[in-house]
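The values are calculated or read from the model by the stated rules, or taken from the named source; none is laboratory data. Since the structure is predicted, the reported quantities are computational estimates derived from the model, not experimental observations. Methodologically, a virtual Cβ is constructed for each residue, glycine included, from the backbone with ideal geometry; neighbour enumeration extends over all protein chains shown. In case anyone asks, the SASA skips ligands and DNA or RNA and just uses the protein heavy atoms, side chains included. Shrake-Rupley method; radii C 1.70, N 1.55, O 1.52, S 1.80 Å.
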Amino acid sequence: MTNVTPAQFEFLRSIDTPTVCNLLEVVAPERRGFGYTVRHLHCPFPDLPPMVGFAKTVTIKTKDAVPLGQASYMDKRLDYLDYVAAQPAPSVVVIEDLDGEHVGYGAFWGEVQANLHKALGCLGTVTNGSVRDIPMIPPGFQMLAGSISPSHAYVHVVDFAVPVNVHGMAVTSHDLIHADRHGAVVVPLDTIPAMVPALDKITKQEARIIQAARAPGATAESIKAALRG
């Protein structure tokens, strides 16, 4: 199931990724320790709003030479584009670089791929691999990447629509992704309805604690009282 209402999309886009993680801790406590990225990802466009879209999953390699001119290679590239363009949309392309100790050796993402994917309904990418051409990336296209590098080397798609893992976040094709400058998280669709009322509760609780901490003459006892509610 990939049904997300316009109101739910609007709600998710209105909050940052740490807040989504906080809400998941409340409405799905079992997800407190997994489902999100756990290592730093470079974000060249930190001021962009959160991207919320369905995962298009891809694996790549970049270090070792491959016969890029073979018909089978081109067929895979064309099939991959059909996958990206297909529903559900909007999408976030989640790419796992499989090059082990050489992850990020070459960049899949640059000016050409970003423009091409944006035209096919993609909001951006989350990858453990590298990106490049930062000044030429089309406006509004978000990138969270393991590194930044100058060359695309021998980058090629190994497979797509397969399970991937990017910095601890396990993703399957068409999972709903929420991502911003902090990282990314998979949002189970059945948790969204409960997240809306949970946000109000968390917001009030945090406001009470912060107000107590900022109050003139704040003490450990006054802060503890706020924590107790």
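General remarks:
- The set of residues in segment 59-75 being open to solvent by 70 Å² or more (accessible area, probe 1.4 Å), part of a helix (DSSP H, G or I) and under 16 Å from V155 (Cβ atoms) consists of M74 alone.
Residue by residue, here is whether (1) of a type outside the set (A, V, I, L, M); (2) at pLDDT 95 or above; (3) over 25 Å from V52 (Cβ atoms); (4) under 15 Å from the mean Cα position of the chain (by Cα) holds:
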position	(1), (2), (3), (4)
H117	yes, yes, no, no
G129	yes, yes, no, yes
R132	yes, yes, yes, no
N165	yes, yes, no, yes
V171	no, yes, no, yes
L176	no, yes, no, yes
G183	yes, yes, no, yes
M195	no, yes, no, no
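- V112 of a type outside the set (D, E), modelled with pLDDT of 95 or more and under 19 Å from the mean Cα position of the chain (by Cα): no
- Scoring M169 on the criteria (1) under 15 Å from T17 (Cα atoms); (2) in contact with a helix residue (DSSP H, G or I) (Cβ under 8 Å, 6 or more places away or on another chain) leaves a single failure, condition (2).
- Selected residue [under 18 Å from Q142 (Cα atoms) and either part of a helix (DSSP H, G or I) or not aromatic (F, W, Y) (or both)] from L81, L116: L116
- Within segment 77-97, the set of residues being under 16 Å from V158 (Cβ atoms) and open to solvent by 70 Å² or more (accessible area, probe 1.4 Å) comprises R77, L78, D79.
- Scanning segment 22-58 for residues that are under 12 Å from I192 (Cα atoms) and open to solvent by less than 50 Å² (accessible area, probe 1.4 Å) turns up L23, L24, V27, A28.
- Subset of segment 149-158 (residues that are at pLDDT 95 or above and open to solvent by 60 Å² or more (accessible area, probe 1.4 Å)): P150
- Given (1) open to solvent by 40 Å² or more (accessible area, probe 1.4 Å); (2) of a type in the set (A, V, I, L, M); (3) within 21 Å of the chain's Cα centre (by Cα), index of the condition A207 fails: (3)
- Matching option when the condition is assigned to a loop (DSSP other than H, G, I, E, B) and within 24 Å of K63 (Cα to Cα), among G140, G104, G129: G104
- Every condition in (1) touching a His at 6+ places or on another chain (Cβ under 7 Å); (2) closer than 14 Å to G129 by Cβ; (3) not charged (D, E, K, R) is met by V187 except one, and the failing one is (2).
- Among the residues of segment 11-35, the ones that are over 24 Å from K204 (Cβ atoms) and within 12 Å of the chain's Cα centre (by Cα) come to 1 in all.
- Exactly one residue among G129, G124 is among the small types (G, A, S), open to solvent by less than 10 Å² (accessible area, probe 1.4 Å), touching a Phe, Trp or Tyr at 6+ places or on another chain (Cβ under 8 Å) and under 21 Å from L12 (Cβ atoms), and that residue is G124.
- Within segment 179-203, residues that are assigned to a helix (DSSP H, G or I) have Cβ atoms under 8 Å from residues that are of a type in the set (S, T, Y) and open to solvent by 10 Å² or more (accessible area, probe 1.4 Å) in these pairs: L189/T2; L199/T19; I202/T19, counting only partners at least 6 apart in sequence or on another chain.
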